[in-house]
Amino acid sequence: MDKLEMRHTLLAAKARKQMTWEDIGRAVDMSPVWVASACYGMNSASPEVAHKIADVLGVDGEAADALTTFPTKTWDEAIPQDPLIYRLYEVVGVYGETLKDVIQEKFGDGIMSAIDFSMEVDKIEDPKGDRVLLTLNGKFLPYKAW
């Protein structure tokens, strides 16, 4: 089973079981954001975690095996059409250079890792309309001179 077939299998099982990413993350003792990313095919899981995910979702060992394979992290380079994804794309387009400048003023010349990285999504209730809080937590990696 390849990553695309795995993705369809896992997402169909999630829908069939009417589970949330929070439910699955809690059941396998992992971040719900990371679990979703692995199920979408953008991360690989250890065999132990892969089998826990497969068991929770009631899918066969082929899906667990596919979860353990290393992904090719690529995506469609067209401008996203989904409104939520487009807004995140827009945030990076509008604030990307600003964030780069502020990060480099604070840390020096380098980048934020998306390898040594975690992310959380939280809901902040607000009488004027609920808010989305995204926390991106990446290790700073300085560029080296040689």
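Taking the condition of being basic (Lys, Arg) and more than 19 Å from residue 21 (Cα to Cα), how many residues in region 111-130 meet it? Steps first, please.
Going residue by residue through region 111-130, those that are basic (Lys, Arg) are 123, 128.
Narrowing the set further to residues that are more than 19 Å from residue 21 (Cα to Cα) leaves 128.
The qualifying residues number 1.
Scan region 74-85 for residues that are open to solvent by 80 Å² or more (accessible area, probe 1.4 Å) and closer than 30 Å to residue 26 by Cα and the total you get is 5. Of the residues in region 64-73, at least one is of a type in the set (S, T, N, Q), within 30 Å of residue 8 (Cα to Cα) and surrounded by 12 or more Cβ atoms within 10 Å (Cβ to Cβ).
Please enumerate the residues belonging to region 100-133 that are free of Cβ contacts under 8 Å to residues at least 40 places away in the same chain, part of a strand (DSSP E or B) and not small (Gly, Ala, Ser).
First, pick out the residues of region 100-133 that are free of Cβ contacts under 8 Å to residues at least 40 places away in the same chain: 100-117, 122-133.
Within this subset, residues satisfying the condition of being part of a strand (DSSP E or B) are 110-117, 122-124, 131-133.
Hits for region 100-133 are 111, 112, 115, 116, 117, 122, 123, 124, 131, 132, 133.
Here residue 42 meets each of (1) under 27 Å from residue 122 (Cα atoms); (2) more than 15 Å from the chain's Cα centre (by Cα) with one exception, condition (2). Yes or no: region 37-47 includes at least one residue that is in a helix (DSSP H, G or I), under 17 Å from residue 118 (Cβ atoms) and open to solvent by 60 Å² or more (accessible area, probe 1.4 Å). Checking region 37-47: not a single residue is in a helix (DSSP H, G or I), under 17 Å from residue 118 (Cβ atoms) and open to solvent by 60 Å² or more (accessible area, probe 1.4 Å).
Provide a single number: the residues in region 112-146 that are touching a helix residue (DSSP H, G or I) at 6+ places or on another chain (Cβ under 8 Å) and either under 24 Å from residue 37 (Cα atoms) or open to solvent by less than 70 Å² (accessible area, probe 1.4 Å) (or both). Lay out the reasoning, then the answer.
Initially, region 112-146 is screened for residues touching a helix residue (DSSP H, G or I) at 6+ places or on another chain (Cβ under 8 Å), giving 112, 118-121, 140, 142.
Narrowing further to those that are either under 24 Å from residue 37 (Cα atoms) or open to solvent by less than 70 Å² (accessible area, probe 1.4 Å) (or both): 112, 118-121, 140.
Adding up the residues that qualify gives 6.
Close Cβ contacts (under 7 Å, 6 or more residues apart or on different chains) running from residues in region 32-43 that are without any contact (Cβ under 8 Å) to a residue 60 or more places away in the chain to residues that are charged (D, E, K, R) and in a loop (DSSP other than H, G, I, E, B) comprise 42/73. Return the residue satisfying two criteria in turn: it lies in region 48-63 and is closer than 12 Å to residue 6 by Cα and in a loop (DSSP other than H, G, I, E, B), and of such residues it is most open to solvent (accessible area, probe 1.4 Å). Across region 48-63, the extreme among qualifying residues is 60.
The values are calculated or read from the model by the stated rules, or taken from the named source; none is laboratory data. Note that the structure is predicted; figures quoted are calculated from it, not measured. Ideal geometry is used to build each Cβ from the backbone, glycine not excepted, and the neighbour counts take in all protein chains shown. In case anyone asks, the SASA skips ligands and DNA or RNA and just uses the protein heavy atoms, side chains included. Shrake-Rupley method; radii C 1.70, N 1.55, O 1.52, S 1.80 Å.
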